[in-house]
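The values are calculated or read from the model by the stated rules, or taken from the named source; none is laboratory data. It should be emphasised that the depicted structure is a prediction, and the values quoted were computed from it without experimental measurement. Cβ: placed from backbone, ideal geometry, glycine included. Neighbour counts: every protein chain shown.
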Amino acid sequence: MDDIISIKNFSMSFGKTEVIKNLSFEVKRGETFGFLGSNGSGKTTTIRALLGMYVPTSGTLNINGAPYSVSGSTRLGYLPEERGLYKKESVIDVMVYFGQLKGLSRSEAYEKSMNFLSRVKLDDKANIHVEKLSGGQQQKIQLGITTMNDPELLILDEPTKGFDPVNRKLLMDIIKEHQEKGATVMMVTHQMEEVEEMCNRIILLKNGMSYAYGTVEEVKAHFGGKSLNDIFLTVYGDENNEEAVNA
């Protein structure tokens, strides 16, 4: 498999604070890649630099062999941790609008939107203003927008955050369907059972550096066969204790 994402010698500083330190890794085309780390470890900064929102201090970040461009040929779906919906507009108008921005005709965007709303049991909310929906319902709408153009690369930042088990399974099933269509998935999550279930390979960041990188089984073997949850606690436990002491 060739690389759809390639990050080499990436460093990022804000003022005198270096938040990413000479980071290198690849994401293979067609795999599901777990991008893991505690809060503040550099995951969101890396994603934003990869998508051109930040200019790296040094290093290269490429998608399909070149820096990402909105006008390029890569069909990309990005679900940020901070959701961005027009809350004063109706659900269907927001979804159709973003579908058209992704290159769909209005009729295509409408059909895909209604099919998705039916799938997640929100078709009765199509004409309700987004602000009237619960946080979890809005999150479903955001995922529908993210996947509307059948992206070849999905970057998902905490896609099931705050979901109950039933809705978490629903969203994971939708993500799996896109996997089966050949999409590459880069997923940020703190749910280690999702990593075990979905991911081919992973990277663990700590303080802006790679702490472990490889297949799930390789990382487990490196830590003496521990579960991913125990590995997470081993790697980040001291850090979290320090935060608690200094809070």
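I need a count of the residues in region 190-203 that are touching a strand residue (DSSP E or B) at 6+ places or on another chain (Cβ under 7 Å), at pLDDT below 95 and not in a helix (DSSP H, G or I).
Going through region 190-203 one residue at a time, the tally reaches 2.
Within region 131-144, is even one residue surrounded by fewer than 19 Cβ atoms within 10 Å (Cβ to Cβ) and within 21 Å of GLY72 (Cβ to Cβ)?
no
Out of all the residues in region 166-173, is one or more out of contact with any Asp or Glu (no Cβ under 7 Å at 6 or more places or on another chain), exposed (fewer than 15 other Cβ atoms within 10 Å of the Cβ), outside the structural domain of LYS112 (by TED's automatic domain parsing) and farther than 14 Å from THR32 by Cα?
So the first thing to find is which residues in region 166-173 are out of contact with any Asp or Glu (no Cβ under 7 Å at 6 or more places or on another chain), and the list is 166-171, 173.
Next cut, exposed (fewer than 15 other Cβ atoms within 10 Å of the Cβ) only: 166, 169, 173.
After this cut, where a residue has to be outside the structural domain of LYS112 (by TED's automatic domain parsing) as well, the list is 166, 169, 173.
Subsequent filtering for residues that are farther than 14 Å from THR32 by Cα retains 166, 169.
Yes: one or more hits.
From the list LEU171, LEU153, exactly one residue is within 25 Å of ARG29 (Cβ to Cβ) and modelled with pLDDT of 95 or more. Which is it?
Answer to the selection: LEU153.
Take ARG119 and tell me if it is exposed (fewer than 13 other Cβ atoms within 10 Å of the Cβ), touching a helix residue (DSSP H, G or I) at 6+ places or on another chain (Cβ under 8 Å) and among the basic types (Lys, Arg).
Values: exposed (fewer than 13 other Cβ atoms within 10 Å of the Cβ): no; touching a helix residue (DSSP H, G or I) at 6+ places or on another chain (Cβ under 8 Å): yes; among the basic types (Lys, Arg): yes.
No.
Looking only at residues that are hydroxyl-bearing (Ser, Thr, Tyr) and in a helix (DSSP H, G or I) in region 125-158, which one is nearest to GLY84 (Cα to Cα)? Step through it out loud before you land on a result.
Pass one, region 125-158, residues hydroxyl-bearing (Ser, Thr, Tyr): 134, 146-147.
Filter once more, so that each one left must be in a helix (DSSP H, G or I): 146-147.
Numbers: THR146: 11, THR147: 15 Å.
The extreme case among them is THR146.
Could you list, in sequence order, the residues of region 89-100 that are more than 20 Å from the chain's Cα centre (by Cα) and not polar (S, T, N, Q)?
Matches in region 89-100: GLU89, VAL91, ILE92, ASP93, VAL94, VAL96, TYR97.
Regarding GLY15, is this residue of a type in the set (Gly, Ala, Ser) and either free of Cβ contacts under 8 Å to residues at least 12 places away in the same chain or closer than 19 Å to LEU153 by Cα (or both)?
When the stated conditions are applied, GLY15 passes them.
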